[in-house]
Amino acid sequence: MSAEAASLGLQGIEHRFTLVWLYGDEYCAAIRRTARLGIVGGAVYDGLVAACALKAGADHLYTWNVRHFDLLGAEIKKLVMTPPAA
């Protein structure tokens, strides 16, 4: 998907999102969790996304990279779903 297409798609659904962020202690806890699990590289960012999903009380976490999120434990694995085909 091009950046332009992604931007246009976001404009159509952004009203359905809630901004979630991690405070310093939450960020550090998420990084420690990924480190304990032996997760390195780009998958650490997936750990931060997962921490935000938990904080927000998300029912689902949509990703095409299910494998990275499955590494984060059962609590995350039960939320992970592949987005429906467009």
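Results, tabulated for the structure shown:
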| read-out | value |
| --- | --- |
| Condition met for A58 (small (G, A, S) and either part of a loop (DSSP other than H, G, I, E, B) or at positive phi (or both)) | yes |
| Matching residues in the stretch 1-28 - criterion: being of a type in the set (S, T, Y) and outside any helix (DSSP H, G or I) | S2, T18, Y23 |
| Selection count where residues are surrounded by 10 or more Cβ atoms within 10 Å (Cβ to Cβ), aromatic (F, W, Y) and closer than 26 Å to A85 by Cβ, scope the stretch 1-55 | 1 |
| A53 being among the hydrophobic types (A, V, I, L, M, F, W, C), farther than 20 Å from M1 by Cβ and in contact with a strand residue (DSSP E or B) (Cβ under 9 Å, 6 or more places away or on another chain) | yes |
| Candidate set: the stretch 29-44, residues that are within 16 Å of the chain's Cα centre (by Cα), in a helix (DSSP H, G or I) and of a type outside the set (G, A, S); chosen: the one nearest to H68 (Cα to Cα) | V44 |
| Considering residues of the stretch 61-84 that are part of a helix (DSSP H, G or I) and basic (K, R) only, the residue farthest from F17 (Cα to Cα) | R67 |
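We did not get these values from a lab; they are worked out from the coordinates using the rules stated. None of the values given here were measured: they were computed from a predicted structure. No Cβ is skipped: glycine too gets one built from the backbone with ideal geometry, and neighbour counts run over all protein chains shown.
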